[in-house]
Amino acid sequence: MIYATAAETAARTRFSRVAPEGGLLWRSDYFGPPPSPKGSASVDPTAMGALEYTPPSPGETREPQAFLVEQEVNAVVHPHFHFVDQFQVVVEGGGAIGRHAVQPIMAHFAGASTAYGPITPGEGGLKYFTLRASADGTGAQFLPAAKARMSRGAKRYILADPVLPSTPEALAARREAVTEMVLAEPDGLAILMLRIPPHGRATAPDPARGAGQSMLVTTGAITHGGAVLGRLSALFVPPDEAALVAEAGPQGAEILVLQYPRGEG
């Protein structure tokens, strides 16, 4: 089953929490179970969430997650980790993750139990997606409060180079679909951009090369299942599905594909 949610649909779920610095943290849920409780305590770096994470049992497949976060100027997400692999993609605004400046369109991958942050918005705020192939509903595990929950083992964090969206004029003038590779690792971890001309088609890589693919429409629109998915719409293609064939609308489309690494064994 391919998951797909239009930006307009997800916008109906938008709500805010108050960060310790006083600014608002907004979240819009696309698909999958809620990634954390809705109360402001879930963004308090001094608190350790009450929810405990239970790993999937052998053979269990959990739903993917996709949600959009908007940080106002005075809203910092303090250093933390999660229990599952995830991508985050900056789509608007600017700021920094740790000591590294970020801008649209810029993606990073954080492996399970890998600490990162703080996520600090710039003067215009910061907007980014969080995307996961396997759901985690426990919320941010802030450090040092949740340090004892962090599993041992190798950590992995990769901040990819920015991949700039085309201008409407450049996309309208495109005549052939192209695949622009941003990152490719031996275990299937990959980031790439599909750039599709008006009314054109493009086939994404086989999702079985990794552990499935999250996708974001970053420019223009595509059709899927009879629906139009415009800018900031999100999809997830499981590894046992056929590769997605995307058909662009009259303005063309650009799709960021984020492929998860294969697990051990």
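Annotations for the structure displayed:
- 3J(HN,Hα) along the range 2-11: 8, 8, 8, 9, 6, 4, 5, 5, 5, 4 Hz, from the Karplus curve 6.51 cos²θ - 1.76 cosθ + 1.60 with θ = phi - 60°, whole Hz, x for Gly and Pro.
- Each of 189, 194 was scored by other Cβ atoms within 10 Å of its Cβ. Arranged with the fewest first, they read 189, 194.
- The chain: most fluctuating residue of 72, 52, 169 per GNM, C-alpha cutoff 10 Å: 169
- Normalised contact order of the range 99-232, rounded percent, pairs of Cα under 8 Å and 6 or more residues apart: 22 percent
- Rounded to the nearest 20 debye, dipole of the range 53-172 from Cβ charges on Lys, Arg, Asp, Glu: 640 debye
- Net charge of the neighbourhood of residue 142, taken over other residues with C-beta under 12 Å away and scored Lys/Arg +1, Asp/Glu -1, is +1.
- Taking each DSSP H run with n ≥ 4 as -39500 (n - 2.57) and averaging over every residue of the chain yields -1000 deg cm²/dmol at 222 nm.
- Unit charges on C-beta of K, R, D, E only; dipole of the chain, Debye: 300 debye
- Cβ crowding within 10 Å, taken as a proxy for footprinting-reagent exposure, orders 201, 27, 156, 175 from fewest neighbours to most as 175, 201, 156, 27.
- Farthest toward positive dipole pole in the chain [+1 Lys/Arg, -1 Asp/Glu at C-beta], among 170, 79, 242: 79
- Evaluated at q = 0.10, 0.14 Å⁻¹, a Debye calculation over the C-alpha positions of the chain (equal weights, vacuum) places log10 I(q)/I(0) at -0.47, -0.95.
- Mean Cα-pair separation over length for the chain, i.e. relative contact order, pairs under 8 Å, 6 or more apart, %: 19 percent
- Over the range 1-140, equivalent-ellipsoid semi-axes from the Cα gyration tensor in Å: 22, 17, 15
- Options 191, 129, 148, ranked by Cα towards positive dipole end of the chain, top entry (Cβ charges): 148
- Ranking of 5, 219, 179 by count of other Cβ atoms within 10 Å, fewest first: 179, 5, 219
- Full extension of the segment from residue 152 to residue 18, taken as 0.36 nm per residue of separation minus the current Cα-Cα distance, would add 45.0 nm.
- Taking the charge dipole of the chain about its Cα centre, with +1 at Lys and Arg Cβ atoms and -1 at Asp and Glu Cβ atoms, the residue from 202, 118, 4 reaching farthest to the positive side is 118.
Read-outs: derived from the displayed coordinates by stated rules, not from any lab. Note that the structure is a prediction, hence the values are computed from the model and not measured. Every residue, glycine as well, gets a Cβ built from its backbone with ideal geometry; the counts of neighbours run over all protein chains shown.
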